[in-house]
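Input: a single structure, listed below in structure tokens.
The values are calculated or read from the model by the stated rules, or taken from the named source; none is laboratory data. Just so you know, these numbers come straight off a predicted model, no measurement behind them. So basically every Cβ, Gly included, is an ideal-geometry build from the backbone, and we count neighbours across all protein chains shown. For the accessible areas, the whole protein counts, side chains as well, though only heavy atoms, and no ligand, DNA or RNA atoms are used. Shrake-Rupley method; radii C 1.70, N 1.55, O 1.52, S 1.80 Å.
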Amino acid sequence: MTRKPKKVTSDGAISMSRHRSVWEMRSDGWIGLVDDLGRLADMSRDAKEWDACRERVRKVVETLEPIESYWCFPGARVFGELSTWIERGEMARAHQAARRIHRMLAGQTYRHNTAALDDLGDGPSQIEADTERQAQLTRPYFEVLIVDEMSASEEDALRRRVQRKRSVDDDFVFDIVVVPSFEDALIATLVNFNLQAVVIRHGFPFRSVYGNDSLRRFLDSMDETVEQLPESERGPLLGKHIAQLRPELDLYLVTDVNVEEIAARAGEIFNRIFFREEDHTELYSSIMKGVGERFKTPFFNALREYAKQPTGVFHALPLARGKSIMNSNWIGDLMQFYGSNLFMAETSATSGGLDSLLDPIGPLKLAQEYAARAFGARRTYFATNGTSTANKIVVQALVRPDDIVLVDRNCHKSHHYGLVLAGAQVAYLDSYPLDEYSMYGAVPIRHIKETLLGFRKAGTLNRVRLVLLTNCTFDGIVYDVERVMMECLAIKPDLVFLWDEAWFAFACCHPIYRQRTGMASAKKLAEGMQTPEYARRYAEFKAGFGPKDWNNDKKLLETRLMPDPAVARVRVYATHSTHKTLTSLRQGSMIHVWDQDFKDKAEEAFHEAYMTHTSTSPNYQILASLDVGRRQVELEGYELVQRQLELAMTLREQVLNHPLLKKYFRFLRVSDLVPLEYRESAVESYYNAETGWNNLDMAWRTDEFAMDPSRATLCIGDTGVDGDTFKNKYLMDKYGIQINKTSRNTVLFITNIGSTRSAVAYLLEVLVKIARDVDQRVADMSAIEKRIHDKRVRSLTLEQPPLPNFSAFHSAFRVSSAVGPAQTRDGDIRTAFFLSYDDDNCEYIDMNEAAKAIKAGRELVSALFVIPYPPGFPILVPGQIISSAILEFMAALDVREIHGFRPELGFRIFNTSALARVGEATAARAALAAAGRSAFPLERSSQTVSAPAEQQAEISPSTTSTRIES
């Protein structure tokens, strides 16, 4: 089948990169096509509107033609028949066929009924649709991409061969879509959500016949080389690129050349490699088995089977199998509401086909291994107490008392409490502030490096154990994870990283998001450092970085550092709130591990920490939902996340272009949330009509911080309503729209894999109603009321209180800084936390008295975590000095909810006698260190700087002489 190149029209009807959403364009295109064909079928050719309507049909057909070539249904051949009828002027016939195709696409009934156009009649009834849905559940449908340049007859013969191999015993049904080139294969991989496997055959051209500017980002680095490669070598290269884009797909190679040599060279990329066409049956079976492996849900299946078994319960849980409900005269409505299966599957048993979460050896062990595969981890552990518990498990497993931990001050409260329990010396890092919106961004890499170098100067870098950062933040700021880890490992090669990805579990499903996840970055970094290319680049870096440079902090801060592959170890952990962004019951979470030293340095400690915090009675329903959620990630995660992203873009675009909405509302762009100094791309908005999605991809590849577009922060200051009131009074109470995060002048809308176009439409409808209400109220205001309203708007838009940075720990809680000559940021938060338990150590001071005391020179030290909502992060932690800036921020806040602060009493602070006693103990520990005896008995030795060994020997003694030895 040879296709002639299509000319790209001036209005961009063919080039898919010009559209925000290929899938939305496809859906809307079919709707428009059906409507216009219906008009043409009922219209006389002499009618005034005929030519305009016919031209619209021509443009839609021209737009849909390349898209449909990447799907099985209707596919290039069937769509070609439809186009032929339109060209002949058979509008009634074309309208009937287009209507049927659209209904089959909308209802997805084509998955089990791919009739030819001659058989297409009216759409299915609801009964037929329900029957098809049941068939789909019984035998799921998928598509297989065949990459080969075929004639139409060859393609038809291949499709018939596949259909003949189908059996009633098959667990799935699949059809094929054939594309002729390298570029077309990449387009189909990105566009066709139904794909579950790709078969790459021998010899095909490189270029697509269509104009697809959006593909340039994948091809820029290989255009010159790929076209020069022999066709026989394009197959393995194509497999490599498809694996990077959608690693969940099963890849098969059918080649005419030396199959043994290719298997040895590229075997890790492909599930299996076949020689010529010698074994069709094995290929068919391999495809079915590969999808079957991802479809398996070991624990969910085991729980379902257990629920079917007759069981006598003589142990815990009267609720098991619903007995205490079915035998009740009063609580039967519980089962009526939830259904019987929930209770039939409720048990405390760990045998009978089930498993123990604390010591899994059966289906739970398999389920966790499958989850590790899906999320790109070496190991995965399920948690049924939410990510708050998962965070504490990891912190306790990795941190010993007096280890130094670098942590974002604005992280989730579970980290703060976990560090208290672990007895860590905490060095809080400051995120860049976004004062205009009363929120924080993320921690710049320069600040992290400055902090590490500060510990090196103090001689305590060897005690720095862990860097703990939130990726992405609640407001959608995403780190360049690989860069952060590379530069930190260049300074301290044994550093461990914990990425709190509570709101980022979905990111593994999409190629743009995936590159900034902890697991993907760990894999890339670990494998990359072992390559000859990295060795060459590191040798160049090393040659330009002498011994004096390693002692030059300014140069270290201004240079993009590279870790020494001979000594750096990649040790990365990530925690996911699976239930927040993927399919899982509430509190379902996962811990993912990519740690090269896990077996030697962390396994036993991790096991003990896991046993400490994990319930001996985990909820089996949560575990089963995690298992099924993983299946969804591997089989349809890309589709769902792509739609999540597009819905957010649609929402943003509608507000931007609506005349009334843009009067009062504005969605923040990346330029609002990420300062220019952290945006190397200088991109201000991720989507525009000229370049499509290209801005998004470029920024995510280059910038220090990126923005997750699916987290849409709406600025509402121009309404004169603060975020908390907008959330509760308007969105929730009046319209039933649920959100969580607000600031003084913003509210956050998050699209997720469960979001729909209908939900977005309802939100837009509600925003229009609110805008009209505000407009009407402003119009009806008296002059005095208008001045009050304008003052409120000015307060919300122009008079935000500046967000304070972390001040400092009081000297009584700063053991490390007492040891070396330099001041460091860390403090003993555990001692401060438990010191506040005794009322005799504390007193209260109100805001006015606090201001006077600070002005008089007294150091006020917080005894509690003080957390205003919003912004929802601790302004004060136990042991922290209350600065004037913090006091001014607190005074300017107009929020009702401030945890750790009692308006009638004020701040709970430590009294001077308590601080004196703790200060004496701190001084004693410092004296032990000065005398050469360890003040930190559980400390371990470690590398400090990954400079080459001969350069480390020449590092200034001042950087090492005060290190504390075990």
_Crossing angle, helix 518-528 versus the chain [Cα axis fit, 0-90 degrees, rounded to tens]_ = 90 degrees
*When the convex hull of the C-alpha atoms of the stretch 583-712 is computed, what volume per residue in Å³ does it have?*
194 Å³
_Where labels lie 7 Å past Cα in the beta-carbon direction, separation of residue 677 and residue 799 in nm_ = 2.9 nm
*Ignoring everything but the protein chains, give the 1.4 Å probe accessible area of residue 677 in square angstrom, nearest 10.*
140 Å²
*asked:* Below 24 Å, Cα to Cα, which lysines can residue 323 reach? Residues fewer than 8 away in the same chain don't count.
replied: 308
*Distance violations [Cα-Cα > 26 Å] among 449/741; 741/852; 240/555; 449/548; 392/555*: 449/741; 741/852; 240/555; 392/555
*Based on the mean of other beta carbon atoms within 10 Å per residue, what is the order of 622-633, 248-259, 593-604, most packed first?*
622-633, 248-259, 593-604
*asked:* For volume of the Cα convex hull per residue in Å³, pick the label among [x] 205; [y] 218; [z] 254 that corresponds to the value derived from the coordinates.
replied: [y]
*Which of the pairs 413/599; 663/791; 662/734 have their Cα atoms more than 26 Å apart in this structure?*
413/599
*Computed over the stretch 771-920, the ratio Rg/Rh where both radii use C-alpha atoms and Rh is Kirkwood*: 1.13
*Hey, how many Å between the Cα centroid of the stretch 638-681 and the Cα centroid of the stretch 532-555?*
40 Å
_Scattering curve values for the stretch 768-841, log₁₀ I(q)/I(0), Debye with Cα scatterers, q = 0.13 Å⁻¹_ = -0.63
*For the stretch 646-788, which whole percent of the accessible surface, found with a 1.4 angstrom probe, sits on carbon and sulfur atoms?*
51 percent
_What is the angle, in °, between the Cα long axis of helix 75-88 and the longest principal axis of the Cα atoms in the chain? Nearest 10 is fine, range 0 to 90._
50 degrees
*To the nearest 10 degrees, how steeply does helix 152-165 sit against the main Cα axis of the chain, on a 0 to 90 scale?*
70 degrees
*Round to a whole number: what % of the accessible area of the stretch 858-916 belongs to carbon and sulfur, probe 1.4 Å?*
56 percent
_Given charges at Cβ of Lys, Arg, Asp, Glu: the stretch 278-350 dipole, positive-most of 301, 320, 345_ = 320
*Within the chain, percent of DSSP bridges classed antiparallel, to nearest 5*: 50 percent
